[in-house]
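The values are calculated or read from the model by the stated rules, or taken from the named source; none is laboratory data. These figures come from a predicted structure and were not determined experimentally. Note: ideal-geometry Cβ built from the backbone for every residue, glycine included; neighbour counts use all protein chains shown.
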Amino acid sequence: MLERIVQRICGAIESAGRVMIVPHQYPDGDALGAATALAAWCSSRQIICTVFCATPIPYTLRFLPFAESITSDPEVWERERYDAVVIVDSGDPVYAGAEPFLSALPYRPILINIDHHPTNTRFGDLNLVVPAASSTSEILYTFFTLNKIPISAAMATSLMTGLITDTGTFTNSATSRLSLAVGGELIKKGADLKTIKRSVLSDKSIEALKLWGIILSRLELEPETGIAYTYFKRHDLEKHPVKEEEADGIANLLNYLSEGRAALVLKERDGGTVKGSFRTTRDDLDVSAWAKKLGGGGHKKAAGFTVAGTVEEVLEKVLAAVRD
């Protein structure tokens with residue numbers, strides 16, 4: 001079954017005159033690692049492709065191959081005709097930020113869905129969804145391997161970035177024997193581990209660490225639900241002039257808490273919305289079920305959502321959803 005679907009997807013992409021690749025909005029290392037690995041493969045086969053992300057990519061991930069060509073310009077959907085649209089690392093086109101553009105197209109491209117989230121809606125004409133995989137990048141490693149597609153050093157760097165991001169550098173519950181084996185193979189194929197480590201895991205500025213200090217100083221434990229939560233607001237970034245993504249990693253850090261059932265980080269965004277990230281290490285909890293109640297999704301031990309409102313309003317919605 002797996003071999004058949006990866007071959008069908010490979011054939012659909014190779015026969016397409018032009019391909020659109022879409023990682024989810026507010027992308028992380030896995031979303032962009034998967035997207036840029038696909039872009040590198042397309043380039044090696046002279047397949048014309050565009051990588052579109054509905055929001056700008058984090059500066060920490062701009063080292064990725066083909067990252068400089070990723071666009072957030074919505075007009076790219078109108079300027080060209082795409083035979084195939086590949087959405088990676090997203091449970092549905094809405095979360096990817098692609099739904100309004102797909103709905104407005106006067107034609108119907110083949111829609112390809114490659115993802116590892118259990119909450120994925122299987123929205124594609126072709127669906128390669130493997131919830132047991134550590135990351136979408138791990139799935140793409142299998143995709144390339146089964147199709148006998150050589151993995152270049154650039155592709156290996158992209159895939160390793162996704163693998164490291166979603167396994168927490170091979171420390172969280174997504175880590176498996178397969179993910180460790182894939183990581184070893186990617187190093188053999190030339191993955192630039194030094195650059196990944198410097199760009200994704202290191203290089204924290206003094207101002208960034210001060211911001212982390214503020215966020216951690218707000219940490220509270222809600223006794224009824226057992227949720228340990230904290231937050232940051234837009235004015236925190238004005239006080240400490242760093243990129244928003246420099247606060248990323250707090251949710252994973254809270255996995256080390258010995259108190260509470262789960263951790264929650266709320267991040268105020270422009271436009272009156274708040275992004276939430278759940279984490280837990282407990283086997284008897286499924287935080288993706290909570291995220292789903294709030295319009296999001298993810299994995300049993302790591303999930304997220306975005307809700308309109310202030311941090312205070314969204315916190316109340318979250319606690320109500322957990323109590324329900």
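Worth a mention:
- Restricting D286, D270 to those that are modelled with pLDDT of 90 or more, among the acidic types (D, E) and not assigned by TED's automatic domain parsing to the domain that holds H117 reduces the list to D286.
- Which numbered condition L221 fails, given (1) crowded, with 22+ Cβ neighbours inside 10 Å; (2) outside the structural domain of P27 (by TED's automatic domain parsing); (3) in a strand (DSSP E or B): (1)
- Looking only at the stretch 199-235, and only at residues there that are small (G, A, S) and over 28 Å from L319 (Cα atoms), the one that is modelled with the highest pLDDT: S199
- Residue that is surrounded by the fewest Cβ atoms within 10 Å (Cβ to Cβ), among those in the stretch 70-85 that are assigned to a loop (DSSP other than H, G, I, E, B), touching a strand residue (DSSP E or B) at 6+ places or on another chain (Cβ under 9 Å) and not β-branched (V, I, T): D73
- Subset of the stretch 262-274 that is surrounded by fewer than 17 Cβ atoms within 10 Å (Cβ to Cβ) and in contact with a helix residue (DSSP H, G or I) (Cβ under 9 Å, 6 or more places away or on another chain) - its residue that is nearest to T171 (Cα to Cα): R269
- When E316, E238, E246 are checked against the criterion of being at pLDDT 90 or above and out of contact with any strand residue (DSSP E or B) (no Cβ under 7 Å at 6 or more places or on another chain), E316 stands alone in meeting it.
- The single condition from (1) modelled with pLDDT of 95 or more; (2) under 24 Å from V200 (Cα atoms); (3) among the β-branched types (V, I, T) that I57 fails is (1).
- All conditions in (1) touching a helix residue (DSSP H, G or I) at 6+ places or on another chain (Cβ under 6 Å); (2) of a type in the set (S, T, N, Q); (3) over 18 Å from S103 (Cα atoms); (4) assigned to a loop (DSSP other than H, G, I, E, B) hold for T60, with the sole exception of (4).
- Qualifying residue in the stretch 166-185 (condition: more than 14 Å from the chain's Cα centre (by Cα), surrounded by fewer than 24 Cβ atoms within 10 Å (Cβ to Cβ), among the small types (G, A, S) and under 18 Å from A40 (Cα atoms)): no
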